[in-house]
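A.B. asks: Dumping the structure here so I can ask a few things about it.
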Amino acid sequence: MTDTTDDLDLRTSRHLPATPEEVFDAYTDAEKQKAWFTILDDEPGYVDISVDLRVGGQQVAAWGPSEDVVFRETQTFVEIDRPHRLVTDSVGRTPEGEEMATRITVTFEPDGDGTLMSVHQVGFPVPEVRDFFGAEVWNGAFARIAAYLDRTGNPT
């Protein structure tokens, strides 16, 4: 489910097939991210991720079709309440050098036989970028995390 508002906020959520702890860890652990990041790709491209999971620490990710053409994102951890809530300040950069800064709040709530992972992202420059993130970026991330959790045999 994706909900957008006129003030360039994005809210979206997805039920995932694992406990809040397992979903939180899949979302924040560098090695697990490297696995799910390309899990649905026919031909995996380049992915490099490092995570220093502490308030003030950073997650640095670079991904793309090759090491020469990458998107980059640096998230600085503002709040960490494992496995319930994570807040980051994110700065992303396209291969062409365009940059965007947003704040991302992610929550992980028990939901029946799994977890409701919800995202609230603020600071988009224009509605079109917000809508792209709602339709493509977060839906893709949710699908990849779900596929990773299914393949690693996490209980539901």
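A.B. asks: Return yes when Arg14 is part of a strand (DSSP E or B) and modelled with pLDDT of 95 or more and no when it is not. Give the steps one after another, and end with the answer.
C.D. replies: Working: part of a strand (DSSP E or B): yes; modelled with pLDDT of 95 or more: yes.
When the stated conditions are applied, Arg14 passes them.
A.B. asks: Could you pull out the residue among Asp41, Asp48, Asp29, Asp68 that is more than 21 Å from Leu149 (Cα to Cα) and either of a type in the set (D, E, K, R) or buried (at least 17 other Cβ atoms within 10 Å of the Cβ) (or both)?
C.D. replies: Matching residue, one of Asp41, Asp48, Asp29, Asp68: Asp68.
A.B. asks: All but one of (1) closer than 19 Å to Gly92 by Cα; (2) surrounded by fewer than 13 Cβ atoms within 10 Å (Cβ to Cβ); (3) not aliphatic (A, V, I, L, M) hold for Trp63, so report the exception by its number.
C.D. replies: Of everything listed in (1) closer than 19 Å to Gly92 by Cα; (2) surrounded by fewer than 13 Cβ atoms within 10 Å (Cβ to Cβ); (3) not aliphatic (A, V, I, L, M), Trp63 misses just condition (2).
A.B. asks: Another question, then. Please go through the stretch 132-156 and pick out each residue that is part of a helix (DSSP H, G or I) and surrounded by fewer than 16 Cβ atoms within 10 Å (Cβ to Cβ).
C.D. replies: Phe132, Ala135, Glu136, Asn139, Gly140, Ala143, Ala147, Asp150, Arg151
A.B. asks: Mind checking which residues of the stretch 93-131 are polar (S, T, N, Q), surrounded by 15 or more Cβ atoms within 10 Å (Cβ to Cβ) and over 10 Å from Leu10 (Cα atoms)?
C.D. replies: To start, the set of residues in the stretch 93-131 that are polar (S, T, N, Q) comprises 94, 102, 105, 107, 115, 118, 121.
Filter once more, keeping what is surrounded by 15 or more Cβ atoms within 10 Å (Cβ to Cβ): 102, 105, 107, 115, 118, 121.
Listed by number, the residues that qualify are Thr102, Thr105, Thr107, Thr115, Ser118.
The values are calculated or read from the model by the stated rules, or taken from the named source; none is laboratory data. In this text the structure is predicted, and so the values were computed from the model without any measurement. Quick reminder, even Gly has a Cβ in these numbers, built from the backbone with ideal geometry, and neighbours come from all protein chains shown.
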